[in-house]
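Visitor: Right, I'll just put the structure down here and ask away after.
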Amino acid sequence: MKTLFYQIYLLFSLIFMFILTGNLPGQPVEAPETYFGFKPGTDRMLFDYEQLIGYLQKIDPVSPRLELKNIGLSPLGKKIYIAFISLPENIQNLEKLKGYNHQLTFETDMAAQIKDEIMKNGKIFVLLTMSMHATEVGPSQAVPLIVHQLVTTEDPQLLAGLKDVVLMIVPSHNPDGMDMVVEHYRKYKGTKYEGSSMPGVYHKYVGHDNNRDFITLSQSDNQAIARIYNQDWLPQVMVEKHQMGSGSARYFVPPVHDPIAENIPAELWNWTWIFGSNMIKDMTEKGQAGISQHYLFDDYWPGSTETCIWKNVIGMLTECAGVQTASPIYVEPSELGASGKGLGEYKKSINMPLPWPGGWWRLSDIVDYEISSTFSVLKTASLHREEILKFRYDICRNEIKKGQTEAPFYYVMPLKQHDPSELVGIVNLMKEHGIKVYQLKNPTIVDGHHLEANDVIIPLAQPFRPFIKEVMEKQSFPARHYTPDGELIRPYDITTWSLPLHRGVKAHEIKQRSLELEQNLAEIQNTFQLKTMLPAQYRALIFNVNHNESFLAMFLACKMGIKVERTKEPIRVQDVRVPGGSFLIRSDQKNSDHIQKLLRLIQVSPLVLEQDLPVKTTEVSVPKIALVETWFHDMDAGWTRFVFDSYNIPFTILRPGDFKKTDLEKNFNVIIFPNSDNSILMEGKWKSDNQYYVSSYPPEFTKGIGKEGFDKLLAFLDTGGIIVSWGQSTRLFLGTLSMKGENKDEPEEFQLPVNDISSSLQKAGLYCPGSLMKLSLNPESPLTAGLPESIGVFFRGTPVFQTSIPNFDMDRRVIGSFPEKDILLSGYCEKAEKLSQKSAAVWIKKGKGQLILFGFNPQFRASTQGVYKLLFNALLLPKL
């Protein structure tokens with residue numbers, strides 16, 4: 001009898017244990033060190049992305065506390081996952097809890113009973129994104145230890161956290177880069193180059209700049225992450241985990257330093273203090289030294305993963321001191337220092353109360369710090385569960401109320417635009433950001449603006465109002481100073497991101513509320529397009545050069561083998577004046593299937609010629625393009641590759657070290673030099689103040705163009721080639737140049753009729769940290785075809801060109817110059833008047849060749865679509 005009672009007792013005990021913890025004896029979860037063959041964080045040992053996901057996939061079926069979900073694909077096609085970790089009852093009810101999050105965010109008229117239910121039963125969803133910068137390996141390497149401990153723990157505090165919180169871990173934000181970095185480290189492990197920098201960008205395209213893409217959402221991995229907080233799971237808390245330099249604090253936790261975004265409510269900033277204060281307290285209690293806060297990092301600009309704060313998420317950043325990938329480093333106390341925002345010196349201070357003394361610093365230290373900070377966030381979210389749910393409810397409704405009571409009330413983008421394809425792009429991007437976008441059903445007048453039927457309207461009475469206002473308005477940098485009227489706290493990154501201004505789209509702020517307008521709106525439910533039914537029979541299709549999408553159509557058509565012509569003069573089609581430089585595709589029965597496929601791939605219908613129209617044209621020939629990309633984490637070249645791929649522009653990557661062995665004249669018509677340091681391009685080394693610095697790359701990746709290669713480049717130009725260069729790379733072509741002349745024994749020395757005068761302007765006070773500046777264009781140049789009289793260019797203060805009267809076989813034309821006044825369009829610039837009437841885009845003739853120099857990035861981070869046509873036209877320049 002006693003045996004029977006004991007068996008019953010044991011059975012109920014096991015059931016109770018399962019209900020409480022989700023674990024049963026006999027269901028072992030394999031430890032990370034068993035699976036990988038080493039404990040994550042071990043010196044000089046790394047697992048790759050496939051191994052990381054393999055471990056999580058192995059424990060997913062045996063742990064009711066874990067559920068792994070695929071959320072998208074990386075640019076190279078790897079699956080991206082979220083690991084949901086919580087108590088079994090929460091994992092089983094994920095969809096219901098997700099519904100609560102949607103109600104808290106979007107449901108405006110919530111019944112008190114439903115609100116009470118959510119406050120009682122809702123959970124805090126905490127999103128952690130790991131190692132988006134793939135060289136910052138520690139956060140991803142910590143994931144197996146974090147997951148294993150949480151799915152096996154019986155610690156009451158951790159279980160309490162898992163009861164109140166659903167932890168969402170993206171094991172690697174950048175799977176492609178993670179595999180690249182691990183492969184490079186393993187290749188050189190055990191050699192003198194162990195821990196060296198990985199050559200190229202650790203991403204298909206953009207490398208470190210993947211953390212600058214969260215407005216534009218150009219990259220598929222970022223799209224997957226953004227969907228989590230824009231549309232799908234709507235977490236209340238997000239932490240993005242990074243690493244930083246090794247010579248100062250060991251760890252950064254919130255809050256950030258000034259300046260901060262002015263469109264973000266104070267209450268949200270205050271929550272970052274609470275989470276950060278608990279992190280520094282909890283980590284210091286564990287003896288983890290060197291924790292800093294209110295230091296170095298600011299949060300005034302959207303673009304990083306923390307763009308989620310503009311969507312009412314308590315978004316935060318942590319940064320841990322790095323090592324040499326996975327190899328330990330020893331830091332002498334005398335090598336520790338601090339400078340900049342928040343820490344003037346490496347001393348005990350309120351922003352770093354327990355300095356780290358120096359010594360060995362290992363990957364295992366990074367992993368330990370990441371585990372501690374994660375568990376602290378879990379504890380804080382649990383302690384404040386109901387407060388955070390209420391905060392989320394309140395802030396979303398407060399933003400809706402602001403949109404109903406505070407100007408601006410609406411942003412209007414007229415349907416009639418210089419480039420309607422970019423209007424389409426903004427509408428679909430805003431919808432991807434979780435913003436409701438509408439069209440006007442009937443014409444109306446509001447706040448002095450005559451609005452037409454089908455104009456696009458974005459009301460600000462939406463939960464994500466801060467984001468709408470931030471990306472639709474002109475930027476004004478929140479200038480803050482260390483002392484009254486003293487030194488400016490300089491921006492961490494750029495100061496402009498206005499979607500309409502960057503894309504060349506007209507938009508109006510409406511500062512008067514109109515109930516009549518609100519009743520006259522139809523929501524855009526599906527993908528926004530501007531397509532019309534084309535007639536069954538037509539003579540030709542015209543793609544207006546004003547539209548960026550027309551260049552896409554042209555390159556696609558050429559790829560399909562369709563003949564494309566370019567008009568040499570303006571024509572009038574269907575009462576529309578179509579400028580010269582537009583593209584014409586004639587109706588051809590043999591190509592009809594290809595043309596139909598082409599039309600399905602574009603979002604703005606072309607104009608139709610139903611009868612023959614006399615028009616002068618030339619046939620488009622796609623040039624053979626070389627894109628110069630260094631091995632030195634060349635992000636601007638990566639962005640250029642992305643833009644070219646997006647527009648189906650064919651190109652070949654040309655490394656600096658390959659110039660001397662490449663027949664440039666035979667293989668290429670156009671050579672592109674994106675923004676890259678001229679000393680890296682020429683010598684394969686950084687140069688500053690006339691001193692060269694050896695890089696951290698293996699030597700096979702540090703070869704420059706060299707004298708022989710540069711001679712071939714100048715010969716390519718002289719014999720009819722086209723070179724397009726912008727930013728720092730333009731310095732290659734300034735000053736005295738030398739090339740082999742017709743008499744090979746006597747080199748030809750010459751100086752192109754252009755010089756960079758930016759250093760003198762900077763000495764006179766010019767400071768432009770990355771702003772949108774007005775540029776007046778030369779309408780007579782083929783480079784400006786399809787562009788308005790003036791555009792906004794992204795500019796960082798250098799270079800600025802001064803042309804001169806040429807001699808010998810040279811000529812020059814200014815393509816774009818800053819106007820006399822009102823130069824700054826968006827952002828921040830000191831002494832902008834120093835740019836008055838100075839040149840920023842120049843065309844130069846040398847021999848039979850052409851050189852185009854831009855003082856700005858025409859494709860900056862794939863976010864300056866209003867300037868793209870300067871680059872596209874440069875690719876298509878006819879030979880002289």
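Visitor: Among the residues of segment 663-691, what is the count of those that are closer than 25 Å to Pro858 by Cβ, of a type outside the set (A, V, I, L, M, F, W, C) and crowded, with 17+ Cβ neighbours inside 10 Å?
Guide: 7
Visitor: Quick one: which residue in Glu509, Glu565 is closer than 30 Å to Lys879 by Cβ and either acidic (Asp, Glu) or surrounded by fewer than 19 Cβ atoms within 10 Å (Cβ to Cβ) (or both)?
Guide: Every option except Glu565 fails the conditions.
Visitor: Test Ser826 against the criterion of being outside any loop (DSSP other than H, G, I, E, B), at pLDDT 95 or above and over 17 Å from Gln475 (Cβ atoms), and give yes or no.
Guide: No.
Visitor: Could I ask something else about it? If you check Val576 against the conditions, is it under 30 Å from Thr864 (Cβ atoms), surrounded by fewer than 19 Cβ atoms within 10 Å (Cβ to Cβ) and in contact with a helix residue (DSSP H, G or I) (Cβ under 7 Å, 6 or more places away or on another chain)?
Guide: no
Visitor: If a residue has to be touching a Lys or Arg at 6+ places or on another chain (Cβ under 9 Å) and either open to solvent by 30 Å² or more (accessible area, probe 1.4 Å) or farther than 24 Å from Lys685 by Cα (or both) to count, how many in segment 716-737 make the cut?
Guide: 6
Visitor: Scan Arg212, Arg186, Arg250 and give me the residue that is surrounded by 19 or more Cβ atoms within 10 Å (Cβ to Cβ), of a type in the set (D, E, K, R) and over 19 Å from the mean Cα position of the chain (by Cα).
Guide: Step by step, each of Arg212, Arg186, Arg250 is checked, and only Arg250 is surrounded by 19 or more Cβ atoms within 10 Å (Cβ to Cβ), of a type in the set (D, E, K, R) and over 19 Å from the mean Cα position of the chain (by Cα).
Visitor: Here is a further query. Residue by residue through segment 269-304, note down the ones that are among the acidic types (Asp, Glu) and under 21 Å from Pro478 (Cα atoms).
Guide: Selection gives Asp298, Asp299.
Visitor: Spot the failing condition for Pro699; the list is (1) under 28 Å from Glu789 (Cα atoms); (2) exposed (fewer than 13 other Cβ atoms within 10 Å of the Cβ), and only one is missed.
Guide: It fails just one condition, (1).
Visitor: Now for a different question. Checking the conditions here, which among Ser725, Ser676, Ser696, Ser759 is more than 25 Å from Phe651 (Cβ to Cβ) and within 29 Å of the chain's Cα centre (by Cα)?
Guide: Of the residues listed, the single one that is more than 25 Å from Phe651 (Cβ to Cβ) and within 29 Å of the chain's Cα centre (by Cα) is Ser696.
Visitor: Going by what's in this entry, would Glu30 be described as within 35 Å of the chain's Cα centre (by Cα) and modelled with pLDDT of 95 or more?
Guide: Here the answer is no, as Glu30 does not meet what is asked.
Visitor: Okay, next question. Just give me the residues in segment 99-139 being of a type outside the set (Val, Ile, Thr) and touching a strand residue (DSSP E or B) at 6+ places or on another chain (Cβ under 8 Å), in sequence order.
Guide: Asn101, Lys123, Phe125, Leu127, Leu128, Met130, Ser131, Met132, His133, Glu136, Gly138, Pro139
Visitor: Scan segment 507-559 for residues that are among the charged types (D, E, K, R) and closer than 20 Å to Ile571 by Cα and jot them down.
Guide: Arg539, Glu549
Visitor: Suppose the filter is in a loop (DSSP other than H, G, I, E, B), touching a Lys or Arg at 6+ places or on another chain (Cβ under 7 Å), open to solvent by 10 Å² or more (accessible area, probe 1.4 Å) and within 18 Å of His502 (Cβ to Cβ); does Leu880 pass it?
Guide: no
Visitor: Another question about this same structure. Note down all Cβ pairs under 6 Å where the first residue falls in segment 808-823 and is more than 30 Å from Ser476 (Cβ to Cβ) and in contact (Cβ under 8 Å) with a residue 24 or more places away in the chain, the second is part of a loop (DSSP other than H, G, I, E, B) and not polar (S, T, N, Q), and they're at least six residues apart or on different chains.
Guide: Once the first residue is more than 30 Å from Ser476 (Cβ to Cβ) and in contact (Cβ under 8 Å) with a residue 24 or more places away in the chain and sits in segment 808-823, its partners that are part of a loop (DSSP other than H, G, I, E, B) and not polar (S, T, N, Q) give Asp809/Gly847; Met810/Pro753; Arg812/Pro753; Arg812/Pro806.
Visitor: Then there is this: Please state which one of Gln529, Gln519, Gln537 is over 30 Å from Gly827 (Cβ atoms), free of Cβ contacts under 8 Å to residues at least 40 places away in the same chain and open to solvent by 20 Å² or more (accessible area, probe 1.4 Å).
Guide: Criteria check complete, one pass: Gln519.
Visitor: Go over the candidates Leu584, Leu601, Leu607, Leu613 one by one and state the one that is among the aliphatic types (A, V, I, L, M), out of contact with any Cys (no Cβ under 6 Å at 6 or more places or on another chain) and under 17 Å from His418 (Cβ atoms).
Guide: The unique qualifying residue is Leu607.
Visitor: Follow-up. Give segment 316-341 a look and list any residue that's in contact with a Leu (Cβ under 6 Å, 6 or more places away or on another chain), at pLDDT 95 or above and open to solvent by 20 Å² or more (accessible area, probe 1.4 Å), or say none.
Guide: Val323
One line per residue, one yes/no per condition, for (1) touching a Ser or Thr at 6+ places or on another chain (Cβ under 8 Å); (2) modelled with pLDDT of 95 or more:
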{"site": "Lys590", "(1), (2)": "no, no"}
{"site": "Leu598", "(1), (2)": "no, yes"}
{"site": "Leu607", "(1), (2)": "no, yes"}
{"site": "Glu610", "(1), (2)": "no, no"}
{"site": "Val620", "(1), (2)": "no, yes"}
{"site": "Lys624", "(1), (2)": "yes, yes"}
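Visitor: Among the helices (runs of 4 or more DSSP H) lying completely within segment 645-752, list those that include at least 1 residues that are at positive phi, touching a Cys at 6+ places or on another chain (Cβ under 6 Å) and touching a residue at least 60 places away in the same chain (Cβ under 8 Å).
Guide: none
The values are calculated or read from the model by the stated rules, or taken from the named source; none is laboratory data. This structure is a prediction, so every number in the text was calculated from the model and none was measured. Using ideal geometry, Cβ is built from the backbone for each residue, glycine included, and neighbour counts are taken over all protein chains shown. Keep in mind that these areas ignore ligands, DNA and RNA; they rest on the heavy atoms of the full protein, side chains included. Shrake-Rupley method; radii C 1.70, N 1.55, O 1.52, S 1.80 Å.
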